[in-house]
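Everything below concerns the one structure shown next.
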Amino acid sequence: MSEGSIRRRPGKPAPAKDAAGSDQVQALTRELEMMKLILDSIHNGVMVTDAEGYVTHFNKPYGQFLGFDPEAQIGRHCTEVIENTRMHLVARTGVPEINQPHRIKGQDMVVQRIPIKKDGKVIAVFGQVMFKDVRDVRKLADRLSLLESKVEFYEKELTSLRATRYTFDSIFARHPAMIALKEEAWRAAAANLPVLITGESGTGKEVFAQAIHQASPRRRHPFVRINCAVIPKDLLESELFGYEKGAFTGAGSGGKPGKFELAHHGTVFLDEIGDLPLEMQPKLLRVLEEREFERVGGTVLMRTDFRLISATNQNLSVMLSDGRFRKDLFYRLSVAPLHIPPLRERREEIVPLAYHLLHRIAEDSAGRMVRVSARAEKTLRDHDWPGNVRELLNVLERAVSSLAGEIIDVTDLPFYLYPHQPEASAQDTLPLKKIGFQAEKEAILHALKASGNNKSRAAGLLGIHRTLLYKKMKKHNLVLQPSRS
């Protein structure tokens, strides 16, 4: 250490040099020089005071940050060097202060003040500014915010996965078209290409999406879902890309990472991609092509690695010609297209699928396995199933829940499934008002299931106004359950 780096406090005489101990002095000098090199090599700012608060050491990085000559601070009292310092107070109390905020030159810093003791007495205090720039603290806060959001997301995903975790074993396939589709999906899972799954509501698009993810190299990373149809248009961008602090009214105080950020190394599943607003489509295209984006209200370019699977029950070809969907985005999304045929196009699979679903219902409810009568089987085969597998599952669950015996017959099925009521015996009574009431209820349930619980579409199927549909739903005490693709 140079002679100016450690100075005596005023009033103390210089110690006399012992000529006989010159070797010791040289060794001590070398040791002090090494200590100075170490202190000056520390990235953070370092200051050391004696037990009375006078500066004994001051490293170069701290001096450069503050605009001071480090050697000129040696021997000065710490209160003359650093604003709002507490080094002398720590020397007095002997209590360390770890990770404390300290405002220096208008910036909020994080500091450590550690008393150094010998024989139980404080002989010095080591002070360190942990970050040279508050932006370093900001980066750490951003990383912490992202980690907290990921933990929250993983907790929700874990809860969800305990309830439903679909693999290719979950997909029932007996029809040649479904067998070929599963094989095609298997091949898509091994690649890293965007997949577009099309099919009517209720065909099982999310089941295929999860199965592809579970069979892919990304299966150990997140599967992040987002339904473009249910998120308000104004919030969709912040959901996908995240937002910075104060980006808009109501934004969280620490900002929030978006779905693309949370899905790093995993899979993003965009359901109902046909409902993606036109102004959002070029932004999604850029993320797909560049794998980079900015949070809403942010200026930092973020990079992410994810695999995109999208799904829709709409005819994107018609939307392309109408200008409601960008062609360049469509071609980017449909590198690996998969189309799930509706249930009415594979009627020979309906009854085996019904038994497969009944087995699953029995397992989930720890109940008994029931059978389906020949008349009920024919009714199931003859129905067009506009709600597809979701509608079939709903019909079977309702039948099982109200079944007294072990065989599901035609009379155990919803009214709308069969065109004619079974003939009534002389002892039976079928009040017209009751039949009409039940038929109306079943028709509403059928329309809701066929439209994926979309009330506007259901009203259109029934040929009534949506307001009238609300009134009739209230009359029949119908409450919608959340739908799954």
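The values are calculated or read from the model by the stated rules, or taken from the named source; none is laboratory data. In this text, all values refer to a predicted model and were calculated from it rather than measured experimentally. Neighbour counts run over all protein chains shown; Cβ positions are idealised from the backbone, glycine included. To get the accessible areas, we keep the full protein, side chains included, count just its heavy atoms, and leave off ligands, DNA and RNA. Shrake-Rupley method; radii C 1.70, N 1.55, O 1.52, S 1.80 Å.
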Legend entry - Computed FRET value (nearest 0.05) for H43 with V479, which takes r as the C-beta separation and R₀ as 35 Å: 0.05
Legend entry - Sites D108 and E52 - FRET efficiency at Förster radius 22 Å, r taken between beta-carbons, to 0.05: 0.20
Legend entry - Carbon plus sulfur fraction of accessible area for the stretch 208-338, probe 1.4 Å, in percent: 49 percent
Inset, instruction - Give the long-range amide H neighbours of V372: residues separated by 5 or more places, or on another chain, with amide H under 5 Å away, using H modelled in the peptide plane at 1.01 Å from N. - result: I408
Inset, instruction - Collect residues whose amide H, placed 1.01 Å from N in the peptide plane, falls under 5 Å from the amide H of R219; neighbours closer than 5 in sequence don't count. - result: none
Legend entry - Karplus 3J(HN,Hα) series, Hz, for the stretch 256-266 with 6.51 cos²θ - 1.76 cosθ + 1.60 (x for Gly, Pro): 7, x, x, 5, 5, 5, 5, 8, 3, 6, x
Legend entry - For the stretch 359-402 and the stretch 214-240, distance of Cα centres in Å: 31 Å
Legend entry - Long-range amide H partners of M109 with built H, under 5 Å: H102, R103, I104
Inset, instruction - Measure out, as a whole number of angstrom, how far apart the alpha-carbon centroids of the stretch 26-85 and the stretch 266-316 sit. - result: 52 Å
Inset, instruction - Just reorder D409, D169 by solvent-accessible area, largest first, 1.4 Å probe, all chains present. - result: D169, D409
Inset, instruction - Treat each spin label as a single point 7 Å out from the Cα along the C-beta direction, and report the E292 to R76 distance in nm. - result: 4.3 nm
Legend entry - Label-point separation in nm, D364 to L89, each point 7 Å along Cα→Cβ: 6.2 nm
